[in-house]
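I have placed the structure first, in the form of structure tokens, so that the comments after it can refer back to it.
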């Protein structure tokens, strides 16, 4: 695989207002945009970077990490530096043309954080409402207990809370489905222009994506409850009934997501007796589990 390379940042529109003050992403505070509708459409269809953002994709593709971990450079700040891969980190340094002032993490899983100390700048995993550089953190536990999203104006860096394609892996223990659904609803209440996910392409219709994510989880639970009501109790039977669309390579991830759904039902007093205990052999390590159903 070739090393990750930074993508070019689109130029500002000729219609960009020149007088009003601008926020850290170079987006006019009065209009919250620096591009025309046609330019926005071009970014959506070509997956081009939003103004002021440079994406550097790590060369670690897999069924779980999609086409690799997305690292973002915003001015002198790096979001999720990714794995400690020399070629990837060199591409990140090249994208940060004015140097690196700080590194901000969305969560501590190694496919997002491993390379942080290699960049020679302070590293922060912020708490809810904490401001770091141009970002304000929003606590979004679910995929992991320490997950946050980073807001810079109306641009949201979501790590593994929202992906560009597919659904997010939730495992019991470090993850929590109940917390995850609350996090999605918290993001849904925000006014966002674009989501910069930890894996996959940019999301230019955040509300539609978040509605899709919430409905996906509700539908899974609906199918699982129907399977339980029909008398199914083994993990394999429940997977076959409620995750019939999961491809073989993602069945282990789906099995752990099933466990998270069962944990949520137990918390709510809705789990019937007689559920087969999970088989944890071959368990997926959460630091590589970033896509599942």
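Each value in this text was obtained by applying a stated rule to the coordinates, not by laboratory testing. Only a predicted model underlies this, so the values are computations on that prediction, with no experimental measurement involved. Using ideal geometry, Cβ is built from the backbone for each residue, glycine included, and neighbour counts are taken over all protein chains shown.
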Simple label model, 7 Å out from Cα along Cβ direction - residue 270 to residue 219, nm: 1.7
Cα gyration tensor category, rounded, prolate or oblate, for region 71-111 with a/c compared to 1.5: oblate
Convex hull volume per residue in cubic angstrom - Cα atoms of region 69-197: 101
Rough spin-label spacing in nm, given labels placed 7 Å along Cα→Cβ, for residue 186 and residue 205: 2.6
Set of region 62-78 residues, backbone N closer than 20 Å to the point 7 Å along the Cα-Cβ line of residue 110: 62-71
Antiparallel DSSP beta bridges within region 42-193, as percent of all bridges there, nearest 5: 75
